[in-house]
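Okay, structure first, notes after.
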Amino acid sequence: MGATRIAFADFAQSDFGWLKRLDSGSTGKVMSVRGSGRRWCFADQLGPHFLDDADQPVLLIESRAAFERRRFHRRKAHLVLSAIRHRAAELGDQALFIQARTYREALDAVKGPITVCQPTSRTADRFVRRQPSVEVLPARGFATDRGTFEQWAEGQHGLLLENFYRDARRRFELLMDGADPTGSRWNFDADNRQPPPKQKTRLDVTAPWFPVEDEIDERVRADLNRWERDGSMSFVGRDGPREFAVTRDEAQAAFDLFMRERLPHFGPYEDAMLKADPWMSHSLLSAPMNLGLLDPLECAYAAQDAYRSGLAPLNSVEGYVRQLIGWRDYIWHVYWHFGDEYRRRNALAARKKVPSWFAELDADAVEAACLRDTLAQVRDHGWVHHIPRLMVLSNFAMQRGWHPAAVTDWFHRCFVDGYDWVMVPNVIGMSQHADGGLMATKPYASGGAYIDRMSDYCGQCRYDPKVRRGDCACPFTAGYWWFLQRNRERLAHNHRMSRPLAGLNRLADLDEVIAQQRRLGSQPP
Ligand SMILES: Cc1cc2nc3c(=O)[nH]c(=O)nc-3n(C[C@H](O)[C@H](O)[C@H](O)COP(=O)(O)OP(=O)(O)OC[C@H]3O[C@@H](n4cnc5c(N)ncnc54)[C@H](O)[C@@H]3O)c2cc1C
Ligand code: SF4
């Protein structure tokens, strides 16, 4: 082990939490607004940075109603209940922990003033603002505050992620050498989009951190079984040992392992898929981060320190920092910026229902290797990484014209890291192009060639990514032409679509391809 590694070990064990960063005054982060009264922490506000002082009185409410209304993934329900109960146990007498059907019922039992950091959904935000005893403070758990984003957005023509990200790098002095980006480049995407290594079924990377369940998990499982038996709740997906962190200590352990062992490999294969390696070198930290257990800014600074101490190469560190203070924050701000109507956008007039085999995560009904495996991972883990979400699940849905609001609802319920703020822009904007291009300059639609290049699925599949008609026609390749044909007029003004549309016009067998796709419709491929 070299000296730099020892330096990192010291750093990993030290408490370099976000408040220290704030106090340094050099990060561009706005000081948090504090409020007096008991701090109500929602189930996605469980980290120490949602409190003003370590001994502030806390209110935690476990509400069953949300799980009764919709069919969530069983593992998601487990994760959220386990997280809030662990936090209650950790805080002991400091927290008033109420288990009730609704928030309304719980609040009736609380005396005195309450403060809450802005909740992450529009529904919860409206609810807390209607309560006379509750003071709402600015949101926490994101790097850029809303005022700064709106100020930035005012000067922009279109909200390009890349411009927002560069602005954030400057403001937080992250990976900067004076006014220049470290390494003289803002963007290492070209190094970070490699296909999976040839002849390998898995990456040579240490496995991610996984938790060991305890008696709180046991009680959560028993409660969920009971509620399922008595018919008050019903779930999708398969139960199994918990795979994601639910406490600050667990999240820190998962993060430390990621920094030490996995971050160095994060960049190059960020977009690649291997059937036998669902985790690749991803962090698996979206669930604890969205529970509020990790602050994205502290994680970004830690990644920078890993680079500066020689533990991880710049392309991997830049790729990770881009996800945290770029993409994650950008998505959060898009959710608020475009207003409540944004979730109802349907620019491509997609109106088909999500079919039951997809809704029920029935992977066994599917023969297409990439889709079968991705759906099975969702069923078994409630998680797949970014590219299967975007280029397999969402691509398939968009090609077949499934209603974007129904697709959003499906993702929200089936993913352990899914919340309203993060699903609406990721699905409506990024993945279904239902906002008509406010977020992404062109639809993320692609045929089987992309999946073939970026994965090892096609070699094991009964379909052929090069074939668009007949028994071996790849559903993604044929579906791509069907999607373009249906949306030809709607996309005609988009100069980034002119080449694909020109390709469409050259297809001699287009009518047959479309007729076959119409016949197959949304059947499991
Ligand atoms: C259709 C679709 C739905 C998605 N739904 C969610 C969701 O419900 N919750 C969620 O956190 N992410 C969502 N994402 C973004 C991304 O796929 C996940 O954050 C990521 O796969 C989580 O795994 P990880 O923690 O290993 O991520 P890594 O690959 O290790 O990335 C690092 C971190 O960057 C953040 N991040 C990166 N991209 C995004 C993004 N587009 N939006 C928000 N955060 C991002 C996450 O916090 C993540 O932990 C979605 C993407 C798509 C295309
Ligand atoms: S051939 Fe088509 S359906 Fe089969 S794995 Fe490749 S992209 Fe997926």
Next on the checklist: Quick check on segment 438-481: take the gyration tensor over C-alpha atoms, sort the square-rooted eigenvalues as a ≥ b ≥ c, and tell me if it's rounded (a/c under 1.5), prolate or oblate.
Outcome noted: oblate
Item to check | Coil-residue trypsin sites (Lys or Arg not before Pro) of segment 199-300, DSSP, other Cβ within 10 Å capped at 15 | outcome: Lys200, Arg202, Arg238
Checklist outcome for this item: FRET efficiency for Thr441 and Ala253 from the Cβ-Cβ distance with R0 = 45 Å, rounded to 0.05, comes out at 0.70
Checklist outcome for this item: Shape descriptor, segment 382-518: equivalent ellipsoid semi-axes (Cα gyration tensor, sqrt 5λ, whole Å, largest first) stand at 25, 19, 12
Next on the checklist: Only sites in a loop by DSSP and with at most 14 other Cβ atoms within 10 Å count here; which GluC sites (Glu not before Pro) in segment 217-326 make the cut?
Outcome noted: none
Checklist entry - Which entries of Lys275/Lys466; Lys76/Lys200; Lys198/Lys275 show an alpha-carbon separation above 24 angstrom in the structure shown? => result Lys76/Lys200
Checklist outcome for this item: The set of residues whose placed amide H lies less than 5 Å from the amide H of Met176, leaving out same-chain residues fewer than 5 positions away, is Thr182
Checklist entry - Starting at 0 and stepping by 10 Å, how many percent of the alpha carbon pairs of the chain end up in each bin? => result 3, 17, 28, 28, 16, 6, 1, 0
Next on the checklist: Please report the antiparallel percentage of the DSSP beta bridges confined to the chain, to the nearest 5.
Outcome noted: 15 percent
Checklist outcome for this item: Of every Cα-Cα pair in segment 195-338, the percentage lying beyond 28 Å is 31 percent
Checklist entry - What are the DSSP H helices in the chain that stretch 20 Å or more along their long axis, judged by alpha-carbon atoms, and whose average Kyte-Doolittle hydropathy comes to at least -0.5? => result 74-91
Item to check | Positive dipole terminus of segment 57-194, leading residue within Leu137, Ala179, Thr123 (C-beta point charges) | outcome: Thr123
Item to check | In segment 432-525, the trypsin sites (Lys or Arg not before Pro) that fall in loop regions by DSSP, at most 11 other Cβ within 10 Å | outcome: Arg462
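Every read-out reported here was derived from the displayed coordinates using simple, explicitly stated rules and does not represent laboratory data. Computed from a prediction, not measured in an experiment: that's the story for all the values here. Every residue, glycine among them, receives a Cβ derived from its backbone with ideal geometry; neighbour counts consider all protein chains shown.
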